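Heads up, the thing below is written out as structure tokens.
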Amino acid sequence: VTSDVHAVGGIFSESLGTVVSSVLLLLGMLVVAFFIDPILALTAFAMAPALALAALSNRRRLKAAATRQRRHEGEIAALTTESLGSIREVKALGSERRRHEELRQKSEERREAGIETYRIETRYARLIDLIGAFGTAAVLVVGVLRVAAGAVSAGELVVMVSYAKRLARPLRDLARQAGRVTRALVRADRIA
């Protein structure tokens, strides 16, 4: 419970600032981008729905994996507490090896659940990077066409491509914080 409460409390101190700064940065970029060229701005921000869809689809899998991981951690803590609390009985019955084997098995199950959780997070991070790269490429292609048509200058295109590259960072930060919040919600469920 102490570990879960600390982790849930950490979300407010760690994630809240990142979320607020990312949202403000996105809003500022959106305003400037629309001032420069609405078509390029729409192209640059077109990746946001794809990122939101990726976040929602991965959130369920991440929550399930994090729930399994926390359940195994709880079982390890319970087994350890039970064994230490009844150390005399464990010694008297000669069941140290059995208890040790149970703890080893539970630790292995927890390790596997942790690996699965981090695999999901890693796949998710790669997907976000890929969507960001496609967004930047789209802005570059549309921007070159807009420069050729005389709608924007080459300098404005450079600014928009820079925004498209930087746009991925706050969106990725928001997506990572969504993963952290999901894991914290699993812990909050355990507390409840």
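The values are calculated or read from the model by the stated rules, or taken from the named source; none is laboratory data. Since this is a predicted model, take the numbers as computed values, not measurements. Cβ sites come from the backbone with ideal geometry, for glycine too, and all protein chains shown count toward neighbours. For accessibility, only protein heavy atoms count, side chains too; no ligands or nucleic acids. Shrake-Rupley method; radii C 1.70, N 1.55, O 1.52, S 1.80 Å.
Taking only Cα atoms, what is the 0 to 90° angle, nearest 10, from helix 96-149's long axis to the longest principal axis of the chain?
0
Any idea of the accessible area per residue across the chain, 1.4 Å probe, to the nearest Å²?
Working: 11560 Å² over 192 residues.
Here the residues of the chain average 60 Å² of exposed surface.
Calculate how steeply helix 154-191 sits against the longest principal axis of the alpha-carbon atoms of the chain, using the helix alpha-carbon long axis, and give the answer as 0 to 90 degrees to the nearest 10.
That works out to roughly 20 degrees.
Once the Cα atoms of helix 2-36 and of the chain are each reduced to a long axis, what angle between those two axes, in degrees from 0 to 90 to the nearest 10, is obtained?
It works out to around 10 degrees.
Please state the charge dipole magnitude for region 1-135, taken about the Cα centre, from unit charges on C-beta atoms (+1 on K and R, -1 on D and E), reported in debye and rounded to the nearest 20. Write down the numbers at each step before the final one.
Numbers: 19 positive and 16 negative charges, 83 e Å.
For region 1-135, the charge dipole is close to 400 debye.
With every protein chain present, what accessible area does residue 5 have (1.4 Å probe, heavy atoms only), rounded to the nearest 10 Å²?
Solvent-accessible area, nearest 10 Å²: 80 Å².
Straight distance only, please: which lysines reach the Cα of residue 106 with their own Cα at less than 25 Å, same-chain residues fewer than 8 apart left out?
63, 91
Within region 139-175, list the residues whose amide N lies under 19 Å from a label point set 7 Å along Cα→Cβ of residue 27.
167-175
Measuring from centroid to centroid over Cα atoms, what is the spacing of region 119-192 and region 19-69 in Å?
Taking the Cα centre of region 19-69 as reference, the centre of region 119-192 is 6 Å away.
Go through (1) 9, 35, 33, 16, 6, 0; (2) 7, 26, 34, 24, 7, 1, 0; (3) 9, 26, 24, 17, 12, 7, 4, 2, 0 and flag the label whose value is the computed P(r) over Cα pairs in 10 Å bins from 0, in percent for this structure.
(3)
For the chain, with all protein chains present and a 1.4 Å probe, just round the carbon and sulfur fraction of the accessible area to a whole percent. Don't skip to the answer; put the middle values down first.
Working: 7500 of 11560 Å².
Carbon and sulfur: 65 percent of the exposed surface of the chain.
Could you give the semi-axes, largest first, of the ellipsoid that matches region 127-192, computed as the square roots of 5 times the alpha carbon gyration tensor eigenvalues and rounded to whole Å? Mind dumping the intermediate values first?
Numbers: eigenvalues 296, 18, 9 Å².
Calculated on Cα positions only, the semi-axes equal 38, 9, 7 Å.
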